[in-house]
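Heads up: the structure comes next, in structure tokens.
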Amino acid sequence: MQVKAPDRAAAEHPVRPDTPDRRSRTPALLRRSRTLQGMAYAAPTAVFVAVFFLLPLLLVGQMSLSDWPLLAGDRGGNAPENYTDATDSTLFWPAVRFTLLYTVLVTVVLLGLALLLALLVQESRPGAGFFRTVYFLPGALGLASASLLFWGLYSPSTGPLSRTLERLGLVDDPVSFLGTPTSALLSTVFLVVWKFAGFYMLILLVGLQRIPHEVYEAARMDGASRGQIFRSITLPLLRPSLALSLLLCVTGSLLAFDQFFVLTKGGPDNSTVTVVQLIYREAFQRLNLGTAAALSIIVLAALLLLNVLQFRGLRHADDS
Amino acid sequence: MRRDTPVLTRALGRTPHYVVAGGLAVIFLFPLLWNTWASFSAQPGTAQESGYGFGNYRTLLDYDAGLWRYLLNSTVVSALTVALTLGVSLLGGYAFARFRFPGKNLLFLLTLAILMVPYATLLIPLYVLLGRLHLQNSLIGLSLVLAMFQLPFATFMMRISFEAVPRELEESALVDGCGTAGALRRVLLPAVRPGLITVGLFAFLAAWNDFIAPLILISDSEKAPLPLAVANLRQQSMGAVDYGATEAGVVVLAVPCLLLFLLLQRHYVRGFMSGALKG
């Protein structure tokens with residue numbers, strides 16, 4: 001928060017260069033007018049933040065402490081019933097476990113592949129631009145569109161994957177890529193990696209291109225092998241970009257929804273229900289907004305905690 | 001690698017690189033190409049029983065409220081979201097970059113804090129809130145929500161765009177008797193145009209593709225944007241699955257995104273650079 005300096009103090013100190021008032025004969029008046037103009041330009045942002053961000057944030061807190069059926073609306077406080085209902089649900093802990101498993105799996109595979117892609121296209125070999133565009137192309141699609149695409153691709157009856165495997169004689173019956181809990185999870189991970197690898201490749205590419213050439217040259221002069229260069233130069237200097245990717249990937253995966261809603265609908269046997277899907281089910285299938293709000297607050301708290309820990313961990317690592 | 005190796009060895013050394021890069025390119029392209037091909041080709045249980053043609057697209061035209069209706073819904077939502085995002089972040093970016101006023105840093109931090117809060121956490125109360133504002137089940141309400149989710153990136157992007165413009169440019173306009181609004185319109189607007197294009201592109205892609213916000217905020221199938229309509233269409237006609245129409249729907253959804261991305265790739269990548277550098 002910025003405190004407005006008293007006029008005398010402002011007159012004694014040179015005016016900050018971002019106020020073009022220095023030529024003016026009535027600086028105080030003009031400065032006030034300039035302050036008001038600044039507030040006017042920021043007003044739409046302030047209204048948006050207040051109405052569509054802060055207000056809902058307060059409301060979700062209140063809802064989580066109230067008996068709030070979807071159709072009847074607010075029926076007064078019932079704390080902490082929504083929270084106990086949410087965590088007592090038989091789906092809660094399986095959903096938490098599944099979401100964590102999915103997050104670890106996606107993060108490892110996705111960032112590994114993205115790093116490989118970034119290394120493949122970083123140099124200005126002929127064709128590097130083409131490969132960059134191709135790898136990124138799936139990223140331009142929406143996640144829901146990509147999920148619908150893979151839903152057809154994975155189809156046991158008309159999808160090309162199952163038919164190809166059959167024709168090659170590798171399997172006798174059509175393969176159901178979404179049929180078992182494990183295959184449904186792996187199929188979804190493959191879809192997400194396909195869709196987002198180019199996105200993380202771009203972030204890592206920015207990091208790679210900021211490593212000065214001289215560092216590599218010096219290492220090569222000293223006779224370092226490619227593996228040594230990668231381990232002791234590329235990886236450490238890429239840390240900021242890797243950290244950003246990690247943060248985005250973990251946060252995004254913990255909030256997974258579209259891909260499971262479209263591809264698996266949480267099945268088979270509720271084995272692929274994520275935490276955000278649980279919020280949706282609670283609100284719009286079990287018609288209980290209060291419990292859904294309590295779940296939302298739990299997710300928010302978990303995410304904030306995770307971000308704080310991740311920041312601390314990164315800062316700690318920076319200091320060492 | 002680049003020591004005095006003979007040309008032939010170097011060329012051979014590159015071959016595995018192209019094999020890996022090319023193989024991966026095939027994997028990345030295959031789903032897109034297959035889906036496009038499949039949407040035009042014959043499949044049992046679809047409107048395209050034999051040969052190649054537009055049968056699946058005709059199914060899409062006639063589905064429920066009709067493809068044109070859903071395209072219109074998606075276009076309205078995307079246009080409104082882009083317009084709102086551009087308008088709010090242009091003025092906000094100007095204010096944050098060039099003015100001093102009480103609460104400036106707090107407001108900027110709060111805008112960025114939108115990123116810290118999960119999408120789903122906000123959508124449950126927004127569903128109730130839009131109902132109170134009589135914006136439930138409305139494309140305008142949906143656009144307002146989508147624009148809000150765009151604000152952190154857009155405001156950040158516009159702030160650094162304005163900060164990159166030399167101050168002298170604006171000051172000379174002010175001395176010439178323009179107000180700040182005149183300086184913004186005549187001098188600054190052209191200077192921050194690349195930033196606006198980047199912000200607009202991101203806002204369009206997000207609004208066009210969003211799934212969970214319309215799923216929660218729009219209950220009337222007449223008002224569904226295209227992604228929601230295509231997802232609903234899958235279980236049409238007594239539980240039978242129409243893969244062909246879904247594939248056609250994916251093509252209609254994907255084409256504008258792919259075209260815009262290919263046309264504006266430079267602006268897209270710039271958005272990344274700024275985020276990745278400052279993030």
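The values are calculated or read from the model by the stated rules, or taken from the named source; none is laboratory data. All values derive from a computational prediction rather than experimental measurement. Here Cβ is always computed from backbone atoms with ideal geometry, including for glycine, and neighbour counts include all displayed protein chains.
Observations, loosely collected:
- Residue within segment B:158-165 that is modelled with pLDDT of 90 or more and either of a type in the set (Ser, Thr, Tyr) or crowded, with 23+ Cβ neighbours inside 10 Å (or both) present: yes
- Candidate set: segment B:26-83, residues that are more than 21 Å from the chain's Cα centre (by Cα), of a type outside the set (Val, Ile, Thr) and over 19 Å from residue A:158 (Cβ atoms); chosen: the one nearest to the other protein chains (Cβ to nearest Cβ): B:64
- Any hit, segment A:223-243, residues being out of contact with any helix residue (DSSP H, G or I) (no Cβ under 9 Å at 6 or more places or on another chain) and under 30 Å from residue A:311 (Cβ atoms): yes
- Scoring residue A:85 on the criteria (1) assigned to a helix (DSSP H, G or I); (2) without any contact (Cβ under 8 Å) to a residue 40 or more places away in the chain; (3) in contact with a strand residue (DSSP E or B) (Cβ under 9 Å, 6 or more places away or on another chain) leaves a single failure, condition (2).
- Among the candidates A:167, A:132, residue that is within 11 Å of another protein chain (Cβ to nearest Cβ) and among the charged types (D, E, K, R): A:132
- Selection within segment A:271-320 - in contact (Cβ under 8 Å) with a residue 60 or more places away in the chain and of a type in the set (S, T, N, Q): A:271, A:272, A:274, A:277, A:288, A:291, A:296, A:307, A:310
- Within the option set B:92, B:23, B:103, B:87, being within 13 Å of chain A (Cβ to nearest Cβ), in contact (Cβ under 8 Å) with a residue 40 or more places away in the chain and not hydrophobic (A, V, I, L, M, F, W, C) holds for one residue only, B:92.
- Spans of helices (runs of 4 or more DSSP H) in segment A:123-176 with at least 3 residues closer than 19 Å to residue B:258 by Cβ and in contact with a Ser or Thr (Cβ under 9 Å, 6 or more places away or on another chain): A:143-153
- Test result for residue A:98, closer than 24 Å to residue B:152 by Cβ and part of a helix (DSSP H, G or I): no
- Exclusive hit being within 7 Å of chain A (Cβ to nearest Cβ), buried (at least 24 other Cβ atoms within 10 Å of the Cβ) and either part of a helix (DSSP H, G or I) or at pLDDT 90 or above (or both), set B:110, B:122: B:122
- Among the residues of segment B:50-104, the ones that are in a loop (DSSP other than H, G, I, E, B) and of a type in the set (Lys, Arg) come to 1 in all.
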